[in-house]
Structure formats: C-alpha cells, structure tokens
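For reference, the structure discussed in these notes is given below.
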Amino acid sequence: MISKFLIMKKAKYILSLSAYILFLGCAALKNNSTNEPINIQATINLVDVNDDKVKITVSPLAVIQDEIIFYMPQIVPGTYEYSNFGRFVETLKAFDKKGNLLPVESLDKNSWRISNAKKLVKVSYLVNDTFDGPEGSDVYPMGGTSFKAGETFLLNLHSMIGYFEGMKEVSYRLSVNSPKNLKAFSSLPSISESDSLDIFLAKRYFHIIDNPILYSEPNAVSFDLEKIKVGLAIYSPTGIHKAEAYQPAIEEMMIAQKNFLGEANNTNSYDILLHLMDMDELQYFGGMMGALEHHTSTTVVFVDQMKPQELTQNLVDVVSHEFFHTLTPLNIHSEEIHDFEYNTPLMSKHLWMYEGTTEYFANLFQINQGLINANDFYKRLYEKVELGRRYDNTMSFTEMSAEIVEDKYQKNYGNVYQKGALINMCLDIIIRENSGGENGILWVMKNLAERYGNEKPFKDDALIDEIVSMTYPDVGVFFENHVIGNTPIEYSKYFSKVGLIEGKVTSKLPSIFFQEATTSVFLTRNIKGKGNFLAITGLNSSLKIIGVKLGDILLGVNGQTLPEINQENELAINNILKASYDWSADQEVVFTLQRGGKEITLSGKVETPSYIVQGITENSVASEESIKLRKAWMFN
C-alpha cells in the first residue's frame, strides 16, 4: 500500500507508507488487441492545459434509468484515509447526443446526480492536480497528480477518471492526447500509440486506477530478470538523474526478491514510475515522500536534490516494500479489498499482513540475500521497536485496521510499518521454533498465495483461524493476545529465542559532522569582533581520532573557508558541509580550527564515523539451540 517517510526523520526512515498478464514496458508501450466490448470511453487532454487544469470526458454507451450518479472516489486501495478526489473536479457538465446540457446536481464532494440520464452521452469536467490544487497537500504525493504543461504529467487516475453508478465492473477505453515531446510510461495495456495520442484498455474501473501513467521526455530503461520484465522511468526536473544509473541497484534488488519469494511470486512484469519533485513541492507536502503500490507497478516520489547514493538506497528500501505487495494484498486479500467500495468503504482487519508482512519481508530479504549485514538488520528491527513506542501499543491491531479511516485509529496508522512488521517477526520466530527451523511466515504466505491468488479473495473473519490451522497453537495464542487483543508485545522474549539481547551497539553516522543520527556536532557561537561561527559541541569516533576537541571553532574544511554565519552565507556554508555525505572512509580531510585564540590545522582520514547507542546485539552466551534458530530465521 502506501509507503512514506518524512525527510530528516519507513519507508520509509519513517516510512513512517500492478496490468495483469499483458506488459507495457517502461521503454515502450506494447500494442494489444481485444475482442471484448468497450462500454465506457474516457479521454484526457494533456495538450490544451489551461490554468493548470486538464479536461476529462467520460462516456457510457447506454443508460437505462432516468437518473444516474457519477462518482469520483472518496478513498482508493492502499491509502487508508479519505482523500475525496471529487474536490479536484470543476465545472462538471452532462450532455446529450446533440450537445445539450442535462440537469446535474452535486450531492457531495464526490458525487453528482444526472437527470434525463437515458439521453446521456458524456460528462465533461476540468480537474486540478494535487501537487498544487485545493488542499492537495492532504493527498500523498505518490498517490497524486502533477501537471506541468509540455514537461511532465504524473497521472494517478483515481484523481482524474470517475465511474458511473452500477458500472464499476464495465470495461474502459482511455484515450490520452499528449504533447509530441512526451512519452507514456505505464503498465496499462494499450491498443494504439503515436506521438500525440495513446489509447489504453482496462477490464474494469479498478484497472483504470490500478495503472498510473507517467508522461515525460524519454528517460527510461527496460530489462528482463528471470521471467520478469522490469521497467524504470524517471522524471527529473533538472535532468541530473538518469534511469540507466539506477538499473544495477534495481536489478540486484529484484533478483534478490525473486530468489527470496521463489514460487510465491508469479509477477510477469513490473514498472517503477519515479517522479522527482523540486524543493518547493517537497515543502508543500511537508517533506513527505514515498511510494504507492499497484498490481504490476509503483509510483515513487522523491526530491530531485537527493544525491545518487541516497536516492539509490531509498529506491531499494521503498520499491522493495512495494514489490512485496505483489504477494499481499495483491495476491492474498479479503473480499473487502477485492470488491472495494470507493465511496462507502468497508476495511479489512488485516493491516498486520498487508503492510506489516510486506514491510517485514522488505527488511528480511535483504539479510537473507546478503544485501545487508546482520548488524544492519538488527538496527532496522530495533528502530521499529523504538518508533513503535510513539504509538498506542495497547490498541487492537485488527480493530484499528477495520476502523482505520476514523480519526481515532488513523493516528495510529504509522504503526503498521513498525509494530506491524514486528508482529510478523514474532510470528516468524514462533513458527520457526515450532517447526525446528524448517518453516516461517514466508511459508505461510506461500501457502495462502497458492490457495487464493489474484482473483479469489478470502473471508476476512476466517483468515487468522486458517493460519493457526496451518501452523501451531502458539501462533493462535500470539494472535489472540497481541493482534486481536490489546496486550503489548514483550519483544525481548522473542529476541532471546534467537540469541539476541538489548545492549550498547556502535551505529554508523550519516556524516563526520554528526554526533548522533540526527544531531550535528555544531552550535553557533559568537567570536568577539568577528561574528558568529560554528563551535564543536559534540564529537564522534572519527573527530576524536583526528584530534578535534570540544570548544574548537571550525573555520575551514579542505582549504575552503567557512564564512560568518548569516542568511546571506547560508548556501555557501551548506555547500561546503554537505560534501561530507559523499566522503569515503579512506578520504583525507583537513580542518582549519581556532583553539584557545590560535588557528590550528588538523588532518586525518574520515574513517567510519560512529557513536554508541542502545540497540540489539548477539548474546555472547546464547545457547547453540538459539543460535541455530537465529540462522534458520535469517537465512533459510
């Protein structure tokens, strides 16, 4: 579902937040044909964009009743909150075949009643984008729309295309008129394409909103990976981020995911639509970035100013989470999700699985496949323990899930990425312990995927009993106490089963200028007669080795002089200091400092700056049995 995080704070990392068989690669749109009747026709005009608004028309073939309601979604799968996409619609009109207006009554933010509906041939309206539309910042950017005339269009179609009462299961034909310099990237099957008109098909309304489209100047790669075709398309406002540069990391990640999932994954194609926004847009969304999953694609939104290394790691963390959604809820889901009600939603009880299992696998597969080391894995788990403490851990997870759109429960939604993942960790360890290390939660999910799949939903109230019947009584006790019930989980109990304990650990810092994960080593200090400069008020392992002391004033770095701290010099200072994020461990660094009224120079290697923090570590006196269980848990 939605993966998100606030910059400087799941996935993420507070991350905090798919066509079917036919593939439309990011490198090009495939032509496909169909003999199925086309019942609803929709058009999007991306050429004549006025006042940052796009014109939409939607036409049913026939209406047999006197009145019909046209809807825009109030909520869509994967977002877990009311978005009311109808508020982005303006001047909605209904027409008969002669072009005469039919009576239209606005019922609420998301619905319009059309009278004399037997004469209806189309509705037309203008739609604002969410990136700067009315209250658009309330919509997650990865689930929104961005209209930049002649430059790029991010189209999450649930914010643009509506549906008629009683016609959600009717097929759609979507025509998009676009500027000649822009190319469409999507997993939505097409039957025709040109430099100015693309025509797509969708089996039903769900498939319209399940397949976003990115229009941009070509910046994409498409490649084959072990029976899966992968596409990556990028819009970068400055043009500095090229799709080819990120292909190796995506390849490595998805090969590892395929190996981890084995036969549980039957995805034939997967498209990643990466829309990079500028800093103004980032601020508009309060620093929110992340991704929204679909059956065979994901929309990802990050900031264009990210360094390549930072963007690569965020892509791996976030897209891996979204790809695991191809297992759940996309292949394992309840009736509430399969027959989703966009304007009168009934929510499933199983966010512990849809988001929790997905987020857990997004971390477990990285240690399982050798993409991270054990200490990195332990650190990620402990961060979730710590972040989970910010939420109400006495709240029933199933109750919260079923009522997630209500304010009382919405406040706890972020815990699905924290406690939700840890619920799955505990279940994994319980199942491994009872099966002698042979099976875990992935084994459960594989069996459920075989039993259900894309088109066969499970009964919401029956899932937990079904899982318990597949596994052990201890699993049922855990569900009853900690998922259905409101008893907080004692995580140390489960860590001890695999030979882990809480203790002091060494944690890597993002830069040599940090003393803790988000705390710099500086504070502003006034030097008499000279002005304000940066004083060293904290140290880390690397600064200590180089010889820096508390109270030193930083005057320069690698021959670059730091000017006085003021608004006018802010950019120059940031440019000097931010280079530290890219320094390697063996890079030589030279500091010019003032100490005791004298100017001195210190130099040394950056090394790996670190600090001591509470975390999870391996118990030196753990039993052989617990060590064996730990290896099975992490590597089987």
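What dipole magnitude, in Debye to the nearest 20, does region 91-160 give about its Cα centre under +1 on Lys/Arg Cβ and -1 on Asp/Glu Cβ?
With Lys and Arg at +1 and Asp and Glu at -1, about 660 debye.
With +1 on each Lys and Arg Cβ and -1 on each Asp and Glu Cβ, and nothing else charged, work out how big the dipole of the chain is about its Cα centre, in Debye to the nearest 20.
880 debye
Quote to one decimal, in nm, the extra length available between Glu490 and Glu403 on full extension: 0.36 nm per residue of separation minus the C-alpha distance between them.
The span from Glu490 to Glu403 would gain 28.8 nm if fully extended.
Give a quick list of GluC sites (Glu not before Pro) in region 173-276 that DSSP marks as loop, anything other than H, G, I, E or B, with at most 10 other Cβ atoms within 10 Å.
In loop regions of region 173-276 (DSSP not H, G, I, E or B), the sparsely surrounded GluC sites (Glu not before Pro) are Glu226.
Using the beta-carbon distance between Ala572 and Asn526 and R0 = 22 Å, what value does 1/(1 + (r/R0)^6) give for FRET efficiency, to the nearest 0.05?
That gives a FRET efficiency of 0.70.
Can you pull out the GluC sites (Glu not before Pro) in region 480-525 that DSSP calls coil and that have at most 13 other Cβ atoms within 10 Å?
Glu490
Pairs Lys122/Lys203; Lys53/Lys203; Lys456/Lys631; Lys528/Lys605; Lys508/Lys549: which exceed 23 Å Cα-Cα?
Pairs exceeding 23 Å: Lys53/Lys203; Lys456/Lys631; Lys528/Lys605.
Which of the listed residues, Tyr80, Asn128, Ser111, is farthest toward the dipole's positive end in region 40-216, when Lys, Arg count +1 and Asp, Glu count -1 at the beta-carbon?
Looking along the dipole axis, the top candidate is Ser111.
Give me the net charge of Val385's neighbourhood, meaning all other residues with Cβ under 13 Å from the Cβ of Val385; Lys, Arg count +1, Asp, Glu -1.
Taking every Cβ under 13 Å from that of Val385, the sum is +3.
In nm, give the distance between the simple-model label positions of Leu107 and Asp474, each being 7 Å from the Cα along the Cα-to-Cβ direction.
5.2 nm
By how many nm would the segment from Lys98 to Leu602 lengthen if fully extended, with 0.36 nm per residue of separation less the alpha-carbon distance?
173.2 nm
Considering only DSSP states other than H, G, I, E and B, which GluC sites (Glu not before Pro) in region 271-356 qualify as loop sites with at most 13 other Cβ atoms within 10 Å?
Passing both the DSSP loop test and the Cβ count: Glu341.
Roughly what % antiparallel, to the nearest 5, for the DSSP beta bridges in region 264-333?
35 percent
For each of Lys628, Lys183, Lys598, count neighbouring Cβ atoms within 10 Å of the residue's Cβ, then give the residues from fewest to most.
Lys598, Lys628, Lys183
Using the basic label-point model (7 angstrom from Cα toward the beta carbon), what is the Glu226 to Gln65 distance in nanometres?
With each label point 7 Å from Cα toward Cβ, the separation is 5.0 nm.
Is there a pair in Lys55/Lys229; Lys98/Lys118; Lys530/Lys598; Lys307/Lys530 whose C-alpha atoms are over 25 Å apart, and which pairs would that be?
Lys55/Lys229; Lys307/Lys530
Extension gain Ser194-Ser175, at 0.36 nm per residue separation less the Cα-Cα distance, in nm?
5.7 nm
Along the Cα-to-C-beta direction of Asp586, a point sits 7 Å from the Cα; which residues of region 601-615 have their amide N less than 19 Å from that point?
Under cut-off, by backbone N: 604-609.
Can you give the helix-only mean residue ellipticity at 222 nm for the chain, where every DSSP H stretch with n ≥ 4 adds -39500 (n - 2.57) and the sum goes over all residues, rounded to the nearest 500 deg cm²/dmol?
My calculation for the chain gives -7500 deg cm²/dmol from helical runs alone.
Read the figures in this text as sums done on the coordinates, not as results from a lab. Because the structure is a prediction, the values reported are computed rather than measured. Here Cβ is always computed from backbone atoms with ideal geometry, including for glycine, and neighbour counts include all displayed protein chains.
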